[in-house]
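To start, the structure itself, in structure tokens.
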Amino acid sequence: MTTLLRRVCALVLFPAALSAASISGRVLEPNQVPASKARVTLLQPETGQQWATTTTPDGNYRFDDVMRGRYLLTVEFSGFSAPPREISLVTPNENRVEPVTLELDRVRTEVVVTAAANAVSADSISRALDVVRQSDWQSRGVSTLSEAVQQVPGLRVQSLGGPGGFTRILLRGLPAQDTAITVDGLRFRDAATTQGDASSFTEGLMLANSQRVEVLRGSGSALYGTNAVGGVVNIVTDDSADRWRASLTGEGGGLGYGRGLLQLGGPLSHTLSFTAGLQHTNVSGGLDGQDPLRNTSLQSGLLWRPRSTVSLTGRVYGADAFVGVNDTPFSGPATVLPARGIVHAVPITLDQQRRVELGGPIQYTDGANLVPNLNDPDSHRSSRFLATAVVFRQQLAPRLSYRISYQNVFTRRKFEDGPAGVRFEPAFRTQDLIRGQVDTLQARADFSASPKWTMGGGYELEREDYQSRSTSAAATPLKSVSLAGQRSNALIGYAEGRMWHDRLHISLAGRLQRFDLRQPVFDGGASPYLNQNFQSPPIARTVDAGISWFLARSGTKLRAHAGNGYRSPSLYERFGSSFTNGTFTPNGDPRLRPDRTLSLDAGIDQYLAKDRVRVSATSFYTDLREVIAFDSSGFLSPATDPYKRSSGYINTSGGIARGAETQAEITLPHRIRWTTSYTYTNSSQRRSTVRDNDYFRSTFVVPHQLTSVLSVPVTRRFDVTTSAWLVSSHVTVLSRRAFQFDGARKLDVAASYRIPTEKAALRLQLRATNILNSQFLENGFRTPGFWATAGFSLAF
């Protein structure tokens, strides 16, 4: 019986006679010199299986034990590129030779995994998608997710204050909760934050061991579920290394900024490899000299591949952070504000602000009507997250495969405040501890009905839990605890195909998701949610369709996409409360209906000058049919609300976000690259949330945004990259009045000089941020002026 069981297991895990083929070749530079240490990747689109290797000093590469089927071959080498090459192995014992000659001055074409159910070439997708590679953010001298994607069209990054300040990522004029953050395609979100998204950790997402970031613009709910209404930002971990490598990076400079990064990877055996990145960031001063930041991040991947048809991938991504928190900006009294309409924001001077922080009176002189973020010396936030995942993939036959994945996301945030400060400070030390956990199990099968059509489906189980604990160090200590949880089951299906000599690409996807709500628990005071029966959110039905047509003769691709979005009410939006003096003050509404949206976009991609130029334009339209919003305008009344609320979360009639995105990527001789984009966004709400009841534009959204990145290799060793970012004015609501803040501009310059040696490569780097010393406010928060850092990177 034991022998029979072993044979069955061997047959399932290691199917025989399936993997005898090989793919090999030689990679040459444009001048026919062998490309040594080029990264060659072989990817099986239907299964997601990926093999990576680096070329020998002679430029050779080889993949053995490959199953027959369809593959995408890509090559990455500094300063050069080659379009993804599709390879079809027909016979089991085929030995395919694929030589690759790299091209100079050609627009890069990527293989992406976020735009569709399977990996595809970016040239064939029907969605608007951008890829930011590791070399891109390294050349700009940045290390966080928010900094890396700031130049993407249609995407706005809003950072409140200096390093470590609260950060939002807004896509196409939609709220931050409508942008899903994923890590290797698996949702990363905090179940305990107000909207159940990733916004509470966005500023702390470091790219310590990431290969690239893919940004999908447009609804992705059918594939990625809740919070993907506006799009998806996917962090792809570097999880394989066929040769040992290590690097050490250190830098420091203005604002008391210091950062160290250690990266290590290599094969532990012929079937097992790992990669890891450990980064520590420390800011001792910050914007006002008392805004400390400490962040320690770990990102690692482990790959076990006993055969080419079987792989087990493990990933750990976590961070522990501490940051000082300032007071929220506030408006001046009615005497310094216009009677009606939009208020043009004029902050008090910085000198006056410092006198107020020392206990002086507020003086609204020279037209000032706003007090920016005051320093609060004893207010800080400690946060921690850990996202671990395991993915098993197996190819049972050339056309049949499956994958099983499990991910656990644990989040913890602690807010502490004391009597120091000047505005609404607690009389005693207070502490709020908030914990969340999301477990996701997913099983999926993929079947290639023909070489041109692939379909598949799967099941997803997700469980989320929320816990909030508040304490006060008063003479009579007070404590409260809130517990809530939810489980969901989802069925997912998709189909993708190519027709008419691969010119026409069609993609379809759908998701059916059901939610089961757990009875909440409240301890430490009287809660209005006690002893009531609650209904689970309604079933979510989302569909997604895309089509693209490529005209090879003119180098033109036409594309269109449509999909509906769904965001389930978060646990906080349903049961969230504040706790004061032994009493729960409710903010949530258990009766809330989900966000529902409909998104449409269409665009064109045009390749010119022998693929040295790519110009793209996209028009988008999103109808927010019904959304959840926080209301403090007086719509709620304790006399009529069943939970006695005067403010809190309600369902509203939503709004409309529409606009256009344009982008140009140009490669010039001598490896000069220039990428620029312009985004126009017109986002409005159907219901006003300001006191005058006559303002309908969406807050935080800028109508105009212009970005530009220019990379110039001055010499073979010396590179300079400039990054420009310009936005028009934006509006936020303070004290139920609409304040308009002036537009902003920022110009950054990064330079690096490489010193190669026989055993290592040393890179000296300098980064100057906001070299124009532009002074602007984000939602009333002051931002840093000019500051700079210098450092080194040593790679072995």
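Using a probe of 1.4 Å, the accessible surface attributed to H704 totals some 80 Å² when neighbouring protein chains are kept in position. By a straight-distance test (C-alpha under 30 Å), which lysines pair with K759 as possible cross-link partners, with residues fewer than eight away in the same chain excluded? Straight-distance partners of K759: K37. Taking amide H atoms as placed 1.01 Å from N in the peptide plane, the amide H of A35 lies under 5 Å from those of V27, L28, E29, each 5 or more residues away in sequence or on another chain. According to the square roots a ≥ b ≥ c of the eigenvalues of the Cα gyration tensor, what is the shape class of the range 227-330, taking rounded for a/c under 1.5, prolate for a/b larger than b/c otherwise, and oblate for the remainder? Taking the square roots of the gyration eigenvalues as a ≥ b ≥ c, the range 227-330 is oblate.
Is the range 698-796 rounded, prolate or oblate when judged by the Cα gyration tensor, a ≥ b ≥ c being the square roots of its eigenvalues, rounded requiring a/c under 1.5 and prolate requiring a/b larger than b/c? Don't jump to the answer; show the numbers that get you there.
Values: a/c = 3.62, a/b = 2.83, b/c = 1.28.
Cα axes put the range 698-796 in the prolate bin.
Put +1 on the Cβ of each Lys and Arg and -1 on the Cβ of each Asp and Glu in the chain; which of L551, T618, A246 then has its Cα farthest toward the positive end of the dipole? It is L551.
Loop-located trypsin sites (Lys or Arg not before Pro) across the range 22-55 with a Cβ neighbour count of 15 or fewer within 10 Å are K37, with loop assigned by DSSP. Between T769, G341, Y678, the Cα set farthest toward the positive side of the dipole of the chain (charges on each charged residue's Cβ, about the Cα centre) is that of Y678. The angle between the Cα long axis of helix 2-13 and the longest principal axis of the Cα atoms of the chain comes to about 80 degrees, rounded to the nearest 10. Please compute the per residue accessible area over the chain with all protein chains in place, 1.4 Å probe, rounded to a whole number of Å². Roughly 41 Å² per residue, with all protein chains present.
The three principal axes of the C-alpha atoms in the chain carry coordinate ranges of 80, 65, 49 Å, sorted with the longest axis first.
To the nearest 10 square angstrom, how much accessible area does W549 have with a 1.4 angstrom probe? Spelled out: W549, probe radius 1.4 Å, area about 80 Å².
Charges were assigned to the Cβ only: +1 to each Lys and Arg, -1 to each Asp and Glu. The resulting dipole of the range 307-360 about its Cα centre is roughly 300 debye. By the rule of a C-alpha distance below 13 Å, with chain neighbours fewer than 8 residues away ignored, the aspartates and glutamates paired with K414 are D320, D432. Each Cα pair under 8 Å and six or more residues apart adds its separation to the average, and for the range 424-566 the resulting relative contact order is 18 percent.
Entry note: the range 324-388 has Rg to Rh equal to 1.15, where both radii use alpha-carbon atoms and Rh is the Kirkwood radius. Over all pairs of different C-alpha atoms in the range 667-749, the reciprocal of the mean inverse distance, the Kirkwood hydrodynamic radius, equals 15.3 Å. Listed by chain and number, the lysines whose C-alpha is less than 24 Å from the C-alpha of K610, apart from same-chain residues fewer than 8 away, are K557. Accessible surface for E626 stands near 40 Å², nearest 10, in the context of the full protein assembly shown (1.4 Å probe). Each of Y459 and V543 was given a label point 7 Å from its Cα along the Cα-to-Cβ line. The distance between the two points is 2.5 nm. Taking every DSSP bridge with both residues inside the chain, close to 95 percent are antiparallel.
The values are calculated or read from the model by the stated rules, or taken from the named source; none is laboratory data. Every value quoted in this text rests on a predicted model; they were computed, and no experiment measured them. We place every Cβ from the backbone using ideal geometry, glycine too, and count neighbours over all the protein chains shown. All accessible areas refer to the heavy atoms of the entire protein, side chains included, with ligands and DNA or RNA removed. Shrake-Rupley method; radii C 1.70, N 1.55, O 1.52, S 1.80 Å.
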